[in-house]
Structure formats: C-alpha cells, structure tokens
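Heads up, the thing below is written out as structure tokens.
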Amino acid sequence: MQRIICLVIIITFFCGRLAAQPVYKDSGAPLEERVSDLLRRMTLEEKIMQLNQWTYGRNDNVNNHEKAERQVDPTIGSVIYRSTSPALRNELQRRAMEETRLGIPILFGFDVIHGYRTIFPIPLAQSCAWDAELVREGCRVAATEAYLTGIDWTFSPMVDVARDARWGRVAEGYGEDPYLNAVLGTAAVEGYQGDDLSQPYNIAACLKHYVGYSLSEGGRDYHYTDISGQTLWETMLPPFEAGVAAGAATVMSSFNDISGIPGSANRYTLTEILKEHWGFDGFVVSDWGSVEQLVNQGVAADRREAAMKAFMAGVEMDMVDNAYKDHLGELVSEGLVPVGNIDEAVRRILRVKFRLGLFDDPYTPELPEEDRYLLPEFRRAAERAAAESMVLLKNERSVLPLTDPAARIALIGPMADERVHLMGSWEGKGLADDVRSILDGMLSEFGPDRIMTARGCGFDGDDTSGFDEAVRIAAGADVAVLCLGEMEHWSGENGTRSTLALPDVQERLAAEIHRTGTPVVLLLSSGRPVELARLESLADAILVVWQPGTCGGVAVAGILSGRTNPSGKLSITFPLHTGQIPIYYNMRNPARHNQGLYQDIPSAPLYEFGHGLSYTTFEYGEIFLPETVFSRNETITAEIEVRNTGARDGKEAVLWFVTDPVASISRPAKELKHFEKQDIPAGESRTYRFEIVPERDLSFVDARGGRHLENGEFILTVGNRKIKFELTD
C-alpha cells in the first residue's frame, strides 16, 4: 500500500510539472499555439523589445555609422552579430535564455551577401552563369559557414531589378530582368533556408530592398524614386512575389521614397500587397536607419512620428534606430498605436524564431575555424561559380585560349596581383589572405617561367611612372594580359558613380600596351558594367571576370588556358557610353521608328543582354511548335535543337523570349520567360524545351496588379530564331 501511495505521489508530481510547463516551451505543441501562449505572457515592454535590432561587434560597413557600441540587452529581439566567435554568441544567447523572465532567444543576423568566409562571385556575376543551381549551392555554403558562427539570419538576397549601372548596388542583384531576378532570388532563398528552417546549417533569408530602390534618380543611392504603378507591378514586384512564394522568412523595407511615400512608411506595399495580397506571414525589418530617415525624407517631424508611421505601415523590426524602443510605449498609451498591432508584429517575429528552432535548440556548435570555413568542397564550389560567371565579350582571331606551351605572357595592370578587390563589396568575413589572385592563378596554371609581371599603374590618380616597365615586358611577350577594373568600394552601397568609364590612367595604360603590337587580352574586374568606348578597340579579347571572390584567380587562369570553356552571358547591358543610360534589353518601342536617337553618340549598346562567347560554336535549329494556333487553356511545349559545331565541349545557356506585338497596354519589345543551360559535347546536339503556360507566360499586369490574358499573335525568339503563334479562345 505504501508503494502505491509513493507511486501516486511521484506521478502526481511529474504530472504537475508537465502541467506547469508553458505551452511555448513544449516542442511538440503546434507552432501557432506556442506563439500565442508566449504572447499572452509578455508585458508591453517585453513585446516592444522584440521589435528592435541592435548591433554587436566591429562595424565593417563604413556607410552605417553608430554613436557607440551597445551592450546587448538580453531581452532584445535581434542583434547584427559581427564577431566570428560562436562561443561569444552562445554566451549572449545564454543570457537571453536563462537570465530573462521568459527566456526568448535572440535572433542573430549578418550581411551574408555572396559568402561568409568563402567568398563567391558578386550576385551580378552569378546571374551571368544562368544556372539557378550554382546560386543555390553558393547560398548553401554561405549558410553553413554562417550557421557555424552563430548566424541565424542573412540580409540576402537582393532582388532589386537594376537598370542603371551608375547605382553601386547593381553589384548585389541579379541584373536587369525581373524574371531572372525571380528565378535566382528563389534559388537563393532555397539555398539559405533549405527544406526546414529548424534543421542545422539553415538560416533565414531576407528579400531586399522592398521596393523600387534600384530606381533611385540618376543612380544616386538613397534618393527619390518616381515609380509608376505599371513599373511597380510589372518590373519591381515580381521577384519579391516569387521570393515570398518560395518561403522567404523576412523582407527588408527600402530607403527610397516611392513617388512621395518612402518604402519604410508605405502601407500599400508593406501591408496591402505583401501581407494581404500575397499572404506573407514572416516579418519586415527596416533597412539601416530607414525609420529615423523618414525625418530626412520629409514625411515625419521627428523620430517619434517616424516610429509611428513605419510601424503602422507594416515594419515590424526597427534596425538600429532605437526609435521603436524609445517611442512605441508612449504611442500605445496615447492610443496612436493599437496594442493589437503590437501583438501582430511580435507574433510575426516570434513565428520566425520558432520556425528557426531557436526556442528548442538556441545554441550553435563551437567548432574550430578549420572545421567551419574554406573547406575544400567550399573552395571548389566557389571556383566553379566564378568560372561560369565570367563572360567572354570579344575574341578576335581566337587569341584565347592561350594554348601555345612556349608562349611568354606579360601580366600587367593594377588588378593583376590584387586580392581584396577581387572579393568585391559586402565580402562578409572574407580575408585577403584567403584569396587566390590572378597572378597566383596564372603562376599555377602556366608556370613561373612563362609569366612576366608589372603593375603599370594604380587604380586611379595620375602616376604613370610604371608605364615604361609595363611596355617593356609587353613588347617582349607573345601576349599581354591586361588586368584592369574597379576597387571593391567603388561599387556596392553608396557606390554611385557619374561615369562607368575606368579612370583615365588605366585607359592610358591600355593604349600604351596596345601600341607595342603585342596581342592584348583585357581582363575586367568590376561590380558593374564598364564603359568600353575607348578600350574595346585596344584589346583583341575581353573577358569580364567581375569580382569573382576567393577562388577568382584560379578560375581566370583556367579560362585563359582553355582548361575551362567560358559559358557566361550578360545579365545586364553594357552600354558603349554612360550617356546611353537608361539602356536595357526590354525597353518599349518608341513612337517613331529610327527617330529619337542620340545625335552625338550611337544609340545601340556595345554588348547586349545575353551576349557571351565560347571557345566553341553553337548552331540553333528551327523552333518547333506542335501547332501555331493555341487555346488559352492549353500548355504549349516549344523545342529547339542546339548543336555544338566546334571542336571543344561547351555549355550553352538558351534564353527564350516572348513578344506581344499588340496589347491593350503596350508591352516591352521582348520579355525573358525561360532559360536553361546544358553541357553539349563537341559534335553533339541537345534539345531545349520551354513549356509555355499562357496565363503565366503570355499575360501581363496593369498598374493596379490586375492580370490580363488577351488573344492575338505572339512571337517566340530563341537566339537568331523566331516563330509566330496565335492564342485564341
């Protein structure tokens, strides 16, 4: 009997313990029940703290200034974590879990844009590979390295459709086409987040900058953007909608003033479109200082009003301003911000934290750096991405590849032995010592006996004292490889430039090397298209290497030697002159044919969207359609056969464009609707297919987001092939 009584007491005790455990701490309870249970237990002050993000560690971004480094309050919602120590991160998290009333974990974020420690090519470069899997793989590597440091959340991908290369942040996105941005942005979200956010090595993605930031007037960062409803729905929103559909956990509101209502105070975009129309259930974080900057933009009298306007528009988390912490409490007490809105905002943030598994497993493994960073498979992935991103613009007389084993190579220019600038802007925690320079790659690829090198000049300035040495070695070589380009901070945030031309000293060096008569291979490393009006004629071959990252030098050398056949194609137009901007492939037709052109410079770009050469040749067959008249309820399967007619194996990216010649709303001259890249061995053919779904691929939106599918004639274009077809009821 005594044993039975003891057993009853023990059972009662444990049942009581179980009953006393809050639902939000029960890993087996449904997520929304856990969120609701925790929300009911929180005070207003605790809720407001969840709506704020602070920073911890050294600031690597010179554009984002802080008054002082804050001590982390363990009740804070999020921290931008700049240290590389998982142990320190875990200690900060331990304080949040064990030294606060409710034990709500901190969300640790960082700008993991194109790699954390293993740096991949800038996103603009990656888009030129035309391979979503490469983007996905790069983001998986970045997520793994970041996760093992303690990062839960990255402020990436940027899916701003960028058509003005003067805007420095063109480097961070996927080029000038909305469909390409949508596909690669989706791949990035999938790469960062995996199939289940709560699993190891997955981190939350953040779509940015919502919305229209890339249309800043004149390419000037942070400036006004005049966006029509048509442009908003047709060009700017589709990549964000695709990212939301892919499950992106968060969205970042933009700096820019959108036709009079800044992005961080724009209820139409943040709430009506994003949350009500698209059903986004994650949270919105402001860009750095964009709440407080509503005062500068003239829509808020002070920080208090800025906090109210941003919050009521739909920004749930305030990045670094402290405006929410300082003012939301009094705004609630005065009835200007309803408590229900506070609860909904906190619910969204807690939902993401639960999805990340932070309540159940809040700590990160504490591994040594050699087990976290720059693993051999990470380097291989970065080299592959760099090689496939590079674009061969020109190759007269087949000067490339450099296959003569006895050829002497002069490696000249300020980029030849650079490391930092090959990483580009937003290089995460990449280190110069990790980078293989172009010189490193060339020495390994060709051997030291064949390489002569001279810097020639700096990136800018007027020092020409190195010209003579550069000319001397070029004159004594069989080929001169001229390495020119941009320093890493010339592009990226606040990297606006009035001209796309390289500094005069670099162009003068190119002219001097050209005069030697030695064949010239121009390597361009930059974060944007470069104006080549004066350089193009000075080079026999031009290879755009972009800012290729940690393994860029090895990838460059592999293309120059022919070990790798270049397969990149431009995702952004290269104008002949900066003055041609705006210039992009899918502009609308003018009112008068062959009129309205520039009178002082050509109107055509130097290299069009989709341009890119190979060391082999490809021949496109005729486009095949089973019929030429289709119903709007049918799925149309188009095919084209592409044959490798050269002597080398190669990869070919096939781009499918649709033209709608007559519609109730004027349409662009052509629109990218599908792309596919395949390996084609020499002498063989491959079939490419595009399943045309009329509602998806032939319809268009109006200025209010309404979708229209109209009967009539359409034109399908692939390479130099075109075919007409008709859509009927």
Task: Positions within segment 258-288 being in a helix (DSSP H, G or I) and either modelled with pLDDT under 95 or open to solvent by less than 10 Å² (accessible area, probe 1.4 Å) (or both), in sequence order - done: Gly263, Ser264, Thr269, Leu270, Ile273, Leu274
Open item on the list: Given the criteria open to solvent by 10 Å² or more (accessible area, probe 1.4 Å) and aliphatic (A, V, I, L, M), does Ile665 qualify?
Closed with: yes
Task: segment 668-700, subset under 25 Å from the mean Cα position of the chain (by Cα), open to solvent by 50 Å² or more (accessible area, probe 1.4 Å) and not acidic (Asp, Glu), residue farthest from Tyr620 (Cα to Cα) - done: Arg696
Open item on the list: Checking the condition of a type in the set (Asp, Glu) and not in a loop (DSSP other than H, G, I, E, B), which residue from Glu619, Glu634 passes?
Closed with: Glu619
TODO: Return only the number of the condition from (1) open to solvent by 10 Å² or more (accessible area, probe 1.4 Å); (2) in contact (Cβ under 8 Å) with a residue 40 or more places away in the chain; (3) assigned to a helix (DSSP H, G or I) that Gly579 does not satisfy.
DONE: (2)
- [ ] Taking Arg643 as the residue in question, decide whether it is in a strand (DSSP E or B) and surrounded by fewer than 20 Cβ atoms within 10 Å (Cβ to Cβ).
- [x] yes
Open item on the list: I'm trying to understand the selection: among the residues of segment 225-261, which are among the hydroxyl-bearing types (Ser, Thr, Tyr) and within 23 Å of Phe311 (Cβ to Cβ)?
Closed with: Thr225, Thr250, Ser253, Ser254, Ser259
TODO: With the condition kept exactly as written, say whether any residue in segment 203-212 is open to solvent by less than 10 Å² (accessible area, probe 1.4 Å), farther than 19 Å from Arg169 by Cβ and under 19 Å from the mean Cα position of the chain (by Cα).
DONE: yes
TODO: Starting from segment 705-728, keep only residues that are open to solvent by less than 30 Å² (accessible area, probe 1.4 Å), then list their pairs with residues that are assigned to a loop (DSSP other than H, G, I, E, B) and small (Gly, Ala, Ser) whose Cβ atoms are within a distance under 9 Å, requiring at least 6 positions of separation or different chains.
DONE: Leu709/Ser699; Gly712/Ala663
TODO: Determine whether segment 681-689 contains at least one residue that is touching a helix residue (DSSP H, G or I) at 6+ places or on another chain (Cβ under 9 Å), within 28 Å of Leu392 (Cβ to Cβ) and either among the basic types (Lys, Arg) or part of a strand (DSSP E or B) (or both).
DONE: no
- [ ] Might you check whether a residue that is buried (at least 24 other Cβ atoms within 10 Å of the Cβ) and under 16 Å from Met49 (Cβ atoms) occurs anywhere in segment 70-77?
- [x] yes
Task: Residue satisfying condition, being closer than 15 Å to Phe725 by Cα and in contact with a strand residue (DSSP E or B) (Cβ under 7 Å, 6 or more places away or on another chain), within set Pro668, Pro694, Pro681 - done: Pro694
- [ ] Take the residues in segment 33-60 that are modelled with pLDDT under 95 and open to solvent by 50 Å² or more (accessible area, probe 1.4 Å), then tell me which one is nearest to the chain's Cα centre (by Cα).
- [x] Asp60
Open item on the list: Can you go through Ser561, Ser567 and tell me which one is surrounded by fewer than 20 Cβ atoms within 10 Å (Cβ to Cβ), among the polar types (S, T, N, Q) and under 30 Å from Asp433 (Cα atoms)?
Closed with: Ser561
- [ ] Determine whether segment 604-614 contains at least one residue that is open to solvent by 20 Å² or more (accessible area, probe 1.4 Å), farther than 20 Å from Leu543 by Cα, modelled with pLDDT of 95 or more and not aromatic (Phe, Trp, Tyr).
- [x] yes
Open item on the list: Can you list residue pairs whose Cβ atoms sit under 7 Å apart, with the first residue in segment 197-208 being under 21 Å from Glu366 (Cβ atoms) and the second being open to solvent by 30 Å² or more (accessible area, probe 1.4 Å) and in a strand (DSSP E or B)? Count only pairs 6 or more apart in sequence or on different chains.
Closed with: none
TODO: Check every one of the strands (runs of 3 or more DSSP E) wholly within segment 443-531 and list those with 3 or more residues that are in contact with a strand residue (DSSP E or B) (Cβ under 9 Å, 6 or more places away or on another chain) and open to solvent by 10 Å² or more (accessible area, probe 1.4 Å).
DONE: 451-454
Task: Unique residue being within 26 Å of Pro238 (Cα to Cα) and in contact (Cβ under 8 Å) with a residue 40 or more places away in the chain when the list is Ile640, Ile680, Ile636 - done: Ile636
Open item on the list: List pairs: first residue in segment 133-162 and farther than 18 Å from Ala385 by Cα, second residue in a loop (DSSP other than H, G, I, E, B) and of a type in the set (Asp, Glu) anywhere in the structure, Cβ distance under 6 angstrom, at least six positions apart or on different chains.
Closed with: Phe155/Asp111
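The values are calculated or read from the model by the stated rules, or taken from the named source; none is laboratory data. Values in this document were obtained by computation on a predicted structure and should not be read as measured data. Cβ: placed from backbone, ideal geometry, glycine included. Neighbour counts: every protein chain shown. Heavy atoms of the whole protein, side chains included, go into the accessibility calculation; ligands, DNA and RNA do not. Shrake-Rupley method; radii C 1.70, N 1.55, O 1.52, S 1.80 Å.
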